[in-house]
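Asker: For reference, the structure I am asking about is given below.
The values are calculated or read from the model by the stated rules, or taken from the named source; none is laboratory data. Quantities reported herein were computed from a predicted structural model and do not represent experimental measurements. No Cβ is skipped: glycine too gets one built from the backbone with ideal geometry, and neighbour counts run over all protein chains shown. All accessible areas refer to the heavy atoms of the entire protein, side chains included, with ligands and DNA or RNA removed. Shrake-Rupley method; radii C 1.70, N 1.55, O 1.52, S 1.80 Å.
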Amino acid sequence: MSRIPMALFAFALAALSTGCVTRAVVNFEDNLKSPVTALEVLKTENYLFFAKRTHQFYMCQDTGDKLVCKLSCDGKNDVVCPQGQAGYGGAGSNVR
């Protein structure tokens, strides 16, 4: 393989695998009877040719000086966070 196609391949691979991740809080709700907080976050991953959005749900424990949060839909307990992907050719989702 010559150097030019190899360099283009390396550039394309780097462009597709690197991205910018942002998170936005959608909802923040305290439980009035116990020190538990429900947190909804919209995670957006932007890549060169497509974007991926994940609606994440966290359960947070209030320890007084900090909030310790655990992802509730990580797939380890059969619950997967809703996701959507979009690109120039179309869009898709795992929401059923």
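Asker: Is there any pair with a first residue in the stretch 17-36 that is more than 30 Å from PHE49 (Cα to Cα) and a second that is open to solvent by less than 90 Å² (accessible area, probe 1.4 Å) whose Cβ atoms are under 6 Å apart and which are 6 or more apart or on different chains, and what are they?
Answerer: PHE28/LEU39; GLU29/ALA38; ASP30/THR37; PRO35/ASP62
Asker: Continuing with this model, one more query. Taking the stretch 64-87 as the region of interest, how many residues are without any contact (Cβ under 8 Å) to a residue 24 or more places away in the chain and open to solvent by less than 80 Å² (accessible area, probe 1.4 Å)?
Answerer: 8
Asker: Being on the phi < 0 side of the Ramachandran plot, at pLDDT 90 or above and open to solvent by less than 60 Å² (accessible area, probe 1.4 Å), is that true of even one residue in the stretch 16-25?
Answerer: Yes, because at least one residue in the stretch 16-25 is on the phi < 0 side of the Ramachandran plot, at pLDDT 90 or above and open to solvent by less than 60 Å² (accessible area, probe 1.4 Å).
Asker: Considering only the stretch 26-37, I want to know if a residue exists there that is loosely packed, with under 10 Cβ neighbours inside 10 Å and at pLDDT below 85.
Answerer: For the stretch 26-37, residues loosely packed, with under 10 Cβ neighbours inside 10 Å and at pLDDT below 85: present.
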